[in-house]
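The values are calculated or read from the model by the stated rules, or taken from the named source; none is laboratory data. All of these numbers come straight from a predicted model, not from anything done at the bench. Cβ atoms come from the backbone with ideal geometry, glycine included; neighbour counts cover every protein chain shown.
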Amino acid sequence: PVPHDIAPLSAAASEALFARAKAVTPGGVNSPVRAFNAVGGTPRFIREAKGAWLTDVDGNEYVDLICSWGPMLLGHAHPEVQAAVLEAVTRGTSYGTPTTPEVELAEAIVERAPVEKVRFVSSGTEATMSAIRLARGFTGRDVILKFAGNYHGHVDSLLASAGSGLVTHAIPGTPGVPESSTELTVVLPYNDRAAVTAAFETYQGRVACLITEASPGNMGVVPPEPGFNQFLSETCKDNGALFISDEVMTGFRASKQGQWGIDGKHEGWTPDLVTFGKVMGGGFPAAAFGGRADVMGSLSPDGPVYQAGTLSGNPVATTAGLTTLRLATDEVYDHIGKAAETVKEAIVESFTKVGLPHVIQSTGTMFSVFFTDRPVRNFDEAKTTDEAAYKAFFHAMLDQGVYLPPSAYEAWFLSSAHDERALSRITEALPYAAEAAAK
Ligand code: PLP
């Protein structure tokens, strides 16, 4: 049983490392969310991970609900993935030539996802950046449409905020992005069909592509309303634009066939281009974009649109990804789905008991919790979440050995390694954390 007064875990070694890190790295981290700025406190420096568990440099153990922000579908240090990677490393780590595992991983992706050809890159950011270049090259058009609250990596033209009018070009989302990089981007409210129609009217004959998270997970999980992706696909087609479905987060995660396996397959539409990352890299830097053979045929060296990468299709990374996809059977998704149900039920029970407002939203095996009392369909509604309550909740969970994403606007990730022992740690911690958040 967990003590009612939750004592903070020792973080002395993490604190010392954080101080050293801050001296040599901006904010002490290599990706901003890791710095705990949204929740305060000291980020835990992780020494090792196995299955569903993380161990930090102070020796504290946590159940991991981040799973490297999605990739670790099978949990950490899965014995078969590890063995395949160790074997691959003995044969060298990068040749700059074509290799067998990249062909096999491409075949595995084409078999599962609605794409005919894929090209490998090293991050999701590169995947979306390249997909947009390809869409512009293929269509000969320049305008791109995206949705507010959808994250596609740190591509200049996609780090854009909505402009002043509903359908006007976007403004840079960060210093360092010139206006010229976002003036061809239009940012629209998510799940809003009228806004999409209006944008296509305003920019008639100029829209190269519309890019959307297949089911947004970067403002918390905000699924497309039924038929929304189908509407986007059809509207793009009617207007000669390409429909880019960003499955970097949902791909091989929300279901075996990603978000497309949840809505596309039965609604009967197929994206023109899809971006992948996270799970398909098995915990290594590997990502991809793919799609229609004729569109992919515009890519260098078959076609005129240039794209390349020294480490693209890296043999160790593609071996990790291939082994992960081979092990990601129906049973794995069933297990993660059931584990998610267990956690969600425990959240509802413990939050209800203390009167803490909550809305849980899911797509397939992915879910997140909004600390609000109304359904969330877009970015403005996501922002109604109570950040202060999340902060208290986060730390109460952390001190009970559960590592949640250090931000209120993230999906919670589980793996096939989240067994009864790991789930019990979560369900036992929840009532106390809910109480701390309700204060
Ligand atoms: N697209 C989506 C939907 C993502 O969730 C992310 C990362 O979280 C990216 C793109 C960018 O991927 P990466 O961080 O590998 O550059």
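Overview of results
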| item | result |
| --- | --- |
| Breaking point among (1) among the β-branched types (Val, Ile, Thr); (2) in a helix (DSSP H, G or I); (3) more than 16 Å from the ligand (Cβ to nearest atom), for Val33 | (3) |
| Some residue of region 207-221 being of a type outside the set (Lys, Arg), without any contact (Cβ under 8 Å) to a residue 24 or more places away in the chain and away from the ligand (no atom under 14 Å from the Cβ) | no |
| Residue in region 88-110 that is crowded, with 24+ Cβ neighbours inside 10 Å, assigned by TED's automatic domain parsing to the domain that holds Tyr190, over 24 Å from Trp412 (Cα atoms) and among the aromatic types (Phe, Trp, Tyr) present | no |
| Selected residue [assigned by TED's automatic domain parsing to the domain that holds Trp269 and either in a helix (DSSP H, G or I) or closer than 24 Å to Ile244 by Cβ (or both)] from Val295, Val348 | Val295 |
| Filter result (of a type outside the set (Ser, Thr, Tyr) and crowded, with 19+ Cβ neighbours inside 10 Å) within region 137-152 | Gly137, Phe138, Arg141, Val143, Ile144, Leu145, Lys146, Phe147, Ala148, Gly149, Asn150, His152 |
| Criterion (within 14 Å of the ligand (Cβ to nearest atom) and of a type in the set (D, E, K, R)) met by exactly one of Asp263, Asp272, Asp294, Asp246 | Asp246 |
| Scope region 261-292; condition assigned to a loop (DSSP other than H, G, I, E, B) and within 20 Å of Arg136 (Cβ to Cβ); matching residues | Pro271, Asp272, Arg292 |
| Test: Tyr306 is aromatic (Phe, Trp, Tyr) and out of contact with any helix residue (DSSP H, G or I) (no Cβ under 9 Å at 6 or more places or on another chain) | no |
| Helices (runs of 4 or more DSSP H) wholly inside region 82-197 containing at least 1 residues that are within 19 Å of the chain's Cα centre (by Cα) and away from the ligand (no atom under 16 Å from the Cβ) | 100-112 |
| Condition check for Lys256: modelled with pLDDT under 95 and more than 16 Å from the ligand (Cβ to nearest atom) | no |
| Condition check for Val39: away from the ligand (no atom under 16 Å from the Cβ), part of a helix (DSSP H, G or I) and among the aliphatic types (A, V, I, L, M) | no |
| Filter pass, Ser68 being of a type in the set (Gly, Ala, Ser), out of contact with any helix residue (DSSP H, G or I) (no Cβ under 6 Å at 6 or more places or on another chain) and not in a loop (DSSP other than H, G, I, E, B) | yes |
| Among residues of region 183-195, those that are buried (at least 24 other Cβ atoms within 10 Å of the Cβ) and over 17 Å from Val376 (Cα atoms), counted | 3 |
| Selected residue (criterion: nearest to the chain's Cα centre (by Cα)) from residues of region 363-411 that are in a loop (DSSP other than H, G, I, E, B) and more than 30 Å from Ala194 (Cα to Cα) | Pro405 |
| Restricting region 120-129 to residues that are surrounded by fewer than 24 Cβ atoms within 10 Å (Cβ to Cβ) and out of contact with any Pro (no Cβ under 8 Å at 6 or more places or on another chain), the residue that is nearest to Tyr151 (Cα to Cα) | Thr125 |
| Qualifying residue in region 280-288 (condition: in contact with a strand residue (DSSP E or B) (Cβ under 6 Å, 6 or more places away or on another chain) and either within 14 Å of Glu116 (Cβ to Cβ) or more than 13 Å from the ligand (Cβ to nearest atom) (or both)) | yes |
| Extreme residue, surrounded by the fewest Cβ atoms within 10 Å (Cβ to Cβ), among residues of region 345-399 that are basic (Lys, Arg) and over 28 Å from Tyr333 (Cβ atoms) | Arg374 |
